[in-house]
1. List the aspartates and glutamates whose Cα sits under 14 Å from the Cα of Lys87, skipping any in the same chain fewer than 8 residues away.
2. Which distance in nm do the two modelled labels at Arg146 and Lys120 give, with both placed 7 Å along the Cα-to-Cβ direction?
3. Of His85, His171, His39, which has the most accessible area and how do the rest follow, probe 1.4 Å?
4. Shape verdict for the stretch 15-125, please, from the Cα gyration tensor: rounded (a/c under 1.5), prolate (a/b greater than b/c) or oblate.
5. Would you please give the FRET efficiency between Leu19 and Ala214, computed as 1/(1 + (r/R0)^6) with r the Cβ-Cβ distance and R0 = 45 Å, to the nearest 0.05?
6. Tell me, what % of the accessible area of the stretch 93-166 is carbon and sulfur with a 1.4 angstrom probe?
7. Let me make sure I get this right: for the stretch 150-215, a, b and c are the square roots of the gyration tensor eigenvalues over alpha carbons, sorted descending. Under 1.5 in a/c it's rounded, otherwise prolate if a/b > b/c, else oblate. Which is it?
8. Determine the gain in length on full extension of the stretch Gln46-Val251; use 0.36 nm per residue of separation and subtract their C-alpha separation, reporting nm with one decimal.
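The values are calculated or read from the model by the stated rules, or taken from the named source; none is laboratory data. Note that this is a predicted model, so its numbers are computed, not measured. Don't worry about glycine lacking a Cβ; one is built from the backbone with ideal geometry, like all the others, and counts go over all protein chains shown. SASA here: full protein model, heavy atoms, side chains in, ligands and nucleic acids out. Shrake-Rupley method; radii C 1.70, N 1.55, O 1.52, S 1.80 Å.
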Amino acid sequence: MTGKIVLENLKHKPVRSLLSILLIGVPVTLILCLVGLSHGMMEDSQRRTRAIGADIIVRSPNSNFLSAGGGMSEKIAGALERLPHVKLAVGVLNVVVEGVTMGAVGLDLEKFTRLSGGFKLLSGTAFQRPYDVMIDEYYAAEKNARVGGFLDLQNRKWRICGIFQVGMLTHIVVQLRDLQEISGNSGKVTQIYLRLDNPANTRAVIDALKSDPAWAAYPVYSMDELTGFWSIGNIPMLRDFVWVVVSIGVVIGFAVMCLSMYMAVLQRTREIGILKSLGGSNAFILRIILAEAVLMGVAGTILGIAMSYGAWWLINTLLPASIPMVIVYAWWPIALGITLVGTLLGALYPGLAAARHDPIEALAYE
């Protein structure tokens, strides 16, 4: 009985019902897209970091987990390579070349190949001459770039010599000397990757570096520590931002449902009076209003999930390198719970108002 009344109420005002569902779906899409972008960036960073093949990373003194900081002398790599258990030390230079997140990495390709196994080229070749650049397939698709074409980076044209498989280190790779020259970091690197003779010695080498006054100023991490850091829970600002957006979603759901249900109650005053005159209790009237809110909340969540797939397709088609996004299925029930909380809270006041209607006054209402 209740279900049939709820469905008839929704069908009676289809435009209002559809608009309410749409307005509920929008914040659900916003939440799922933000979570998908956050997880996408973290997973992309983890994947590219793991592919390097190093055991330890040493960064410049003014750096942290999120930033490589300024430069340090590339000669430090040679000093680190002479330490016990260190088999190979490779310095790289990180420079932001586009926006605030897209960076290029300058490296010695021969040394980096010994460290990681090298880049898997899909087309083209490795560096052939100064100011050659290799890019991954995502960045090539985003820029519609081809081997033999040119990119403008750091106010200079670079020839695209090769396109490599995604998932290694970064999206843009250039020769170390070229990037040092063009960025004003001659003789400097921002971080050094260490390959040990045995990964089991990782903790011993890190402890030795941290206890040595000569290396005390340099942040040292194992690659497991670095990849483990790339999660939303370990980045306070990102975590807080996600929950701010979630809170906004609850407020929007509350406001939309409160307005929608309040207008519905005003439009159905006579119908409510008829139900009460036929013996409908206050709890029955409240249950109808809340059931309608729940149904619209569920429909809005489904619509929001569908729209998040549309956003995922659009972003991964147009900006696969700059803005990696994934679908986080674990957040679907969370989004549903958030939506139901907002819609139930929003429908509570109109529902109580409807339940308090005097049946005689309601029947006389025009």
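1. Cross-link targets: Asp55, Asp197.
2. Taking the simple label geometry, Arg146 and Lys120 are separated by 2.5 nm.
3. Descending order: His85, His39, His171.
4. Numbers: a/c = 3.15, a/b = 2.49, b/c = 1.26.
Prolate.
5. The computed FRET efficiency comes out at 0.10.
6. Values: 1770 of 3750 Å².
Carbon and sulfur together cover 47 percent of it.
7. Oblate shape, in that a/c is at least 1.5 and b/c is the bigger or equal ratio.
8. Extra length from Gln46 to Val251 when fully extended: 70.4 nm.
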